[in-house]
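Written below as structure tokens is the structure these notes are about.
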Amino acid sequence: MNLHQRGTELIEALKGHLLEVLHGHPDAEPGGTGVFQEEIARRAGLHNMGTGELDHTCGEMLRLLHKEGKIKLVDEAEPDEKRKRWRLTSQ
């Protein structure tokens, strides 16, 4: 396996991990209120607790899942990354 293939597998594994986190949260159900991005990162172990910063990897994986139609951004106009809420689509 080459490095490119391994990178692709890691990305797919991270997306699967975040979907698992969302499936385990009642607010993430289709039609739910959504889960704050900060909480998703924390539950997934992708939050830097030392500085309180969001892990940008989590945000990028959420955006990829959104692009694939697997999750929905509850409020598209929210500019603050910490205040963005995500939920599953009915797919």
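The values are calculated or read from the model by the stated rules, or taken from the named source; none is laboratory data. All values reported here derive from a predicted model rather than from experimental measurement. Counting neighbours? That spans all protein chains shown, and the Cβs are built from the backbone with ideal geometry, glycine included. Protein only, heavy atoms only, side chains kept; ligands, DNA and RNA dropped before computing areas. Shrake-Rupley method; radii C 1.70, N 1.55, O 1.52, S 1.80 Å.
Things worth noting here:
- All told, LEU73 falls short of being out of contact with any Asp or Glu (no Cβ under 9 Å at 6 or more places or on another chain), at pLDDT 95 or above, among the hydrophobic types (A, V, I, L, M, F, W, C) and surrounded by fewer than 17 Cβ atoms within 10 Å (Cβ to Cβ).
- Filter result for GLU60 (part of a helix (DSSP H, G or I), out of contact with any Cys (no Cβ under 7 Å at 6 or more places or on another chain) and exposed (fewer than 15 other Cβ atoms within 10 Å of the Cβ)): yes
- Of all residues in segment 12-30, those satisfying the criterion of being open to solvent by 70 Å² or more (accessible area, probe 1.4 Å) and either more than 13 Å from the chain's Cα centre (by Cα) or at pLDDT below 95 (or both) are PRO26, GLU29, PRO30.
- Of everything listed in (1) open to solvent by 30 Å² or more (accessible area, probe 1.4 Å); (2) farther than 16 Å from ASP75 by Cα; (3) not β-branched (Val, Ile, Thr), the single unmet condition for PHE36 is (2).
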